[in-house]
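The values are calculated or read from the model by the stated rules, or taken from the named source; none is laboratory data. Small disclaimer: the values here were computed from a predicted structure and weren't measured. Every residue, glycine as well, gets a Cβ built from its backbone with ideal geometry; the counts of neighbours run over all protein chains shown. Ligands, DNA and RNA are excluded from the accessible area calculation, which covers all protein heavy atoms including side chains. Shrake-Rupley method; radii C 1.70, N 1.55, O 1.52, S 1.80 Å.
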Amino acid sequence: DAQARMVLHSRLWRIRNKLMRMLGYPGRVVNYSPASLAQLPQEIAVPEIVAVPEKPTVTIVIPVYGGFDDTRSCIESVLASTNTLPTEVVVINDASPEPELVDWLNANAQRFTLLHNEHNLGFVGTVNRGMALYPHNDIVLVNSDTEVSSDWLDRLQVAAYSHPRIGSVTPFSNNATICSYPIFCEDNELPEGYTPAELDQVFAEVNAGQIVDIPTAVGFCMFIRRDCLNDAGAFDAQLFGRGYGEENEFCMRSAQRGWRHVLTGDTFVYHKGGVSFAETQSEHQRHGHKVLTRLYPQYDAVIQQHIAENPARSMRFAVDAALAKRSDLPVVVVVNHCRGGGTERHVFDFAAQLEGQAHVYLLTPEYENGPAYLRPFSQPQRAGLVFDPHTQIQQLTNTLRWMGVARLHYHHTIGMPQSILLLPESLPCSYDVTVHDYYLACPQVTLADEKGRYCGAPDEEGCNKCLSKRPAPDNVSIEQWRQFGGQFLNGAERVFVPSYDTLQRMQGYFPAASFILAQHEPSLKPIEVSLPSRRLDEPLRILVLGALSVFKGADVLEACALQARALRAPLEFHLLGFAYRALRTKPFSHLQVHGAYQDAEVAELIAEIKPHVVWFPGSCPETYSYTLSAVLEAGLPVVASNIGAFPERLAGREWTWLVQPDRSTNDILTHFLEVQRMLTQKSMPELLPVIDMGSADFIYSADYTATIEQPKYSEIVPFALHDIWRTLPALQADVAFSDVRSPFVRKLLPVVLHNQWLGPLIARMPDNLKQSIKSRLGS
């Protein structure tokens with residue numbers, strides 16, 4: 001539809017501009033902003049206005065055709081308004097086919113000026129008739145499926161006369177394309193628990209006096225100054241007939257005569273949408289767009305640039321934050337890296353468990369040590385703000401203070417600007433930390449040596465020897481590294497760990513921290529192991545799941561698959577996912593790589609492969625493992641390394657083998673042949689002993705917000721924040737549409753990684769660069 005097309009065009013526009021800049025042609029990227037559009041050279045002499053004219057009376061034009069209930073509600077809301085300026089309410093019946101509606105209009109004709117069209121003139125002809133009725137008045141066009149509130153018209157007029165060249169003003173609405181709230185360019189429901197009038201009041205409070213230029217007004221509620229209308233002329237009824245596109249053409253035409261069109265942030269008008277011409281909307285939209293682009297070939301580019309820039313995002317953000325403040329729920333800001341993976345998966349689960357208990361915001365770098373992006377977590381499409389953490393940390397702090405943040409929650413610190421880590425010093429709220437790996441204790445993250453094997457957790461001398469080969473950021477020693485880790489964890493009110501093994505290891509490094517063993521997935525339901533059927537002459541299908549790095553066993557998997565091929569062993573390896581480099585596959589080895597997947601499709605993909613056993617080849621201690629969760633839900637036999645969280649999560653489970661990490665290739669293949677024999681003979685291995693893990697009953701949904709207290713903040717008025725927000729950087733394309741996880745990109749990335757020419761180059765890339773590219777591509 002039209003909205004989807006606009007969003008798609010916006011994404012293509014961003015890509016075009018980025019490619020032009022990369023090619024060194026920034027000057028060739030045309031600026032189609034509304035301000036620039038109004039300055040395009042014209043042969044027509046533009047009348048100069050040196051002062052704001054006297055504000056005339058306003059004619060409210062309501063064209064009526066169908067939808068009795070909506071039309072009556074609209075007119076009643078207009079008549080109930082508390083505006084102070086003089087108005088004339090004109091209702092025009094465009095030959096309505098609904099007798100009930102016509103009868104109601106006639107019965108209430110004493111309350112407004114009522115006109116009846118003898119024949120159906122269409123929307124544009126009807127509107128033009130109303131605009132010509134009082135030739136000295138300003139005009140506001142109001143669709144019959146809208147609902148206005150309070151002194152809405154006073155606010156529109158203030159915005160209209162805030163600059164001498166403003167020609168039209170459009171308010172926010174739930175259904176108004178580029179003027180929509182809460183989600184840009186979408187049809188939205190009202191926020192739960194809010195009436196149109198209540199929401200309008202929030203807009204009036206937090207966005208008072210705020211306007212941004214827009215390329216076109218939106219006709220559901222459009223204030224037009226009379227001097228602009230006289231200069232540019234009325235709507236074109238001959239070209240646009242019954243409607244759709246007429247206000248866009250008027251705005252393009254008047255913009256070329258020097259008039260501005262603005263969105264005002266302090267007014268919200270409810271718009272149901274599509275009442276009058278619901279059955280023929282698409283037809284009229286297609287016709288209107290075709291005519292419009294024939295008259296103004298640059299129109300689509302104008303809209304694309306506006307959507308890409310989204311200049312009103314700070315107004316939407318302000319309303320979102322204000323609604324959160326007005327609720328009884330605490331605001332929790334989750335701080336996380338930009339690498340994706342299991343940490344991101346847990347953050348999604350964490351936010352889901354707090355649904356209805358807290359308002360969760362996400363603060364994450366756009367790229368490592370880059371600008372920090374702050375947005376509501378529940379809907380990535382909602383408006384967010386970007387702060388330069390090196391020069392705008394005070395602006396970010398003031399924003400968080402105004403939001404009334406009750407808790408910061410750090411899920412990772414890697415690639416995080418130091419100023420973000422020091423935010424707790426500037427806020428009166430406490431902070432929590434969740435441990436997802438060993439980064440605060442070891443800059444190598446996973447306790448792995450240079451070959452990807454478990455380092456054995458040596459003493460500080462051994463760690464410094466490791467750092468001499470693979471330095472930590474800023475070349476600090478292990479003592480300095482852990483000193484900061486200790487300060488950071490000791491300052492946290494709660495430090496959550498997902499497994500008993502993680503708890504023990506981290507306590508060894510940081511004994512003073514307040515660790516809490518918390519369940520990552522309380523709703524996880526492992527099923528009883530069911531042995532897959534297997535023919536006697538069939539090779540053992542061994543599944544490896546996930547994105548494999550060195551420490552997760554990518555090299556080990558390849559070595560085993562190559563050796564199995566050389567020995568003609570009846571073993572068949574399958575990687576559902578991809579590796580950090582291209583692996584040798586069939587016919588050179590007994591390995592087949594199936595590529596990246598989405599979490600929602602993993603069960604179906606596993607079923608298609610029909611594995612006999614699942615193997616976790618890594619040798620370093622995992623803190624949790626979401627891939628193991630998928631296997632537990634599939635009820636498949638498992639072979640895993642006897643280290644990290646695996647032993648406690650697999651304890652007491654049937655058809656499970658725990659093996660020593662870092663075995664030789666021959667030992668691994670020999671063991672799989674033994675597993676094959678045991679599965680064939682149904683000779684189950686001994687059950688793994690249950691580990692005493694102490695108390696692990698902390699559940700986020702039940703316990704997280706129970707002890708959070710709302711700190712006291714000094715009052716910050718949002719008007720001052722708008723001045724700050726106007727100086728913030730624009731969102732990058734991949735952040736602005738961070739909800740998009742393109743299937744094309746997901747399939748493209750493994751292909752690139754496995755390319756025979758690019759593979760060797762990618763293998764030599766630093767891990768952090770590869771992780772950054774991977775996360776930015778949304779894989």
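Quick look at the numbers
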read-out: Leu427 vs. criteria open to solvent by 10 Å² or more (accessible area, probe 1.4 Å), aliphatic (A, V, I, L, M) and without any contact (Cβ under 8 Å) to a residue 40 or more places away in the chain; value: no
read-out: Evaluation of Ala448 against (1) modelled with pLDDT of 95 or more; (2) over 25 Å from Ala318 (Cα atoms); (3) open to solvent by less than 20 Å² (accessible area, probe 1.4 Å) (one fails), failing number; value: (1)
read-out: Residue match in the range 560-568 (condition: over 30 Å from Val335 (Cα atoms) and in a loop (DSSP other than H, G, I, E, B)); value: yes
read-out: Residue match in the range 542-552 (condition: crowded, with 22+ Cβ neighbours inside 10 Å, under 19 Å from Leu673 (Cα atoms) and not aliphatic (A, V, I, L, M)); value: no
read-out: Some residue of the range 566-576 being modelled with pLDDT under 95 and touching a helix residue (DSSP H, G or I) at 6+ places or on another chain (Cβ under 9 Å); value: no
read-out: Flag if Arg382 is open to solvent by 30 Å² or more (accessible area, probe 1.4 Å), under 21 Å from Glu189 (Cβ atoms), in contact with a Lys or Arg (Cβ under 8 Å, 6 or more places away or on another chain) and basic (Lys, Arg); value: yes
read-out: Only one of Phe317, Phe350 that is within 17 Å of the chain's Cα centre (by Cα) and either free of Cβ contacts under 8 Å to residues at least 12 places away in the same chain or under 20 Å from Pro191 (Cβ atoms) (or both); value: Phe317
read-out: Subset of the range 582-596 (residues that are surrounded by fewer than 21 Cβ atoms within 10 Å (Cβ to Cβ), in a loop (DSSP other than H, G, I, E, B) and of a type outside the set (Gly, Ala, Ser)); value: Arg584, Thr585, Lys586, Pro587, Phe588, His594
read-out: Cβ pairs under 9 Å, 6+ apart, first in the range 602-628 and assigned to a helix (DSSP H, G or I), second of a type in the set (Phe, Trp, Tyr); value: Leu605/Tyr597; Thr627/Phe616; Leu628/Phe616; Leu628/Phe646
read-out: Count of residues meeting criterion [more than 17 Å from Glu521 (Cβ to Cβ) and not in a loop (DSSP other than H, G, I, E, B)] in the range 639-666; value: 10
read-out: Any hit, the range 309-329, residues being closer than 16 Å to Ala406 by Cα, part of a loop (DSSP other than H, G, I, E, B) and open to solvent by less than 10 Å² (accessible area, probe 1.4 Å); value: no
read-out: When residues of the range 264-306 are limited to those that are assigned to a helix (DSSP H, G or I) and at pLDDT below 75, the one farthest from Asp213 (Cα to Cα); value: Glu279
read-out: Hey, Ala561 closer than 30 Å to Tyr704 by Cα and open to solvent by less than 20 Å² (accessible area, probe 1.4 Å) or not; value: no
read-out: Residues of the range 214-234 satisfying the condition of being of a type outside the set (A, V, I, L, M) and open to solvent by 10 Å² or more (accessible area, probe 1.4 Å); value: Gly219, Arg226, Asp227, Asn230, Asp231, Gly233
read-out: Search result, residues across the range 94-108 that are out of contact with any helix residue (DSSP H, G or I) (no Cβ under 7 Å at 6 or more places or on another chain) and surrounded by 20 or more Cβ atoms within 10 Å (Cβ to Cβ); value: Leu105
read-out: All positions within the range 74-93 that are open to solvent by 60 Å² or more (accessible area, probe 1.4 Å) and either touching a residue at least 12 places away in the same chain (Cβ under 8 Å) or within 19 Å of Asp138 (Cα to Cα) (or both); value: Thr82, Thr84, Pro86, Glu88
read-out: Per-region count, the range 353-391, residues aromatic (Phe, Trp, Tyr) and over 13 Å from the mean Cα position of the chain (by Cα); value: 2
read-out: Residue that is farthest from Thr87 (Cα to Cα) [pool: residues in the range 172-223 that are free of Cβ contacts under 8 Å to residues at least 40 places away in the same chain and more than 23 Å from the chain's Cα centre (by Cα)]; value: Gly193
read-out: Members of the range 26-73 found to be touching a helix residue (DSSP H, G or I) at 6+ places or on another chain (Cβ under 7 Å), surrounded by fewer than 16 Cβ atoms within 10 Å (Cβ to Cβ) and at pLDDT 95 or above, listed by number; value: none
read-out: Unique residue being charged (D, E, K, R) and open to solvent by less than 20 Å² (accessible area, probe 1.4 Å) when the list is Arg407, Arg505; value: Arg407
read-out: Residue count for the range 458-483, restricted to those that are touching a residue at least 12 places away in the same chain (Cβ under 8 Å) and over 15 Å from Gln444 (Cβ atoms); value: 1
read-out: Verdict on Pro164 being under 40 Å from the mean Cα position of the chain (by Cα), part of a loop (DSSP other than H, G, I, E, B) and not small (Gly, Ala, Ser); value: yes
read-out: Selected residue [at pLDDT below 50, in contact with a strand residue (DSSP E or B) (Cβ under 6 Å, 6 or more places away or on another chain) and β-branched (Val, Ile, Thr)] from Val745, Val735, Val751; value: Val735
read-out: Residue in the range 350-363 that is farther than 22 Å from Tyr700 by Cα, part of a loop (DSSP other than H, G, I, E, B) and at pLDDT below 95 present; value: no
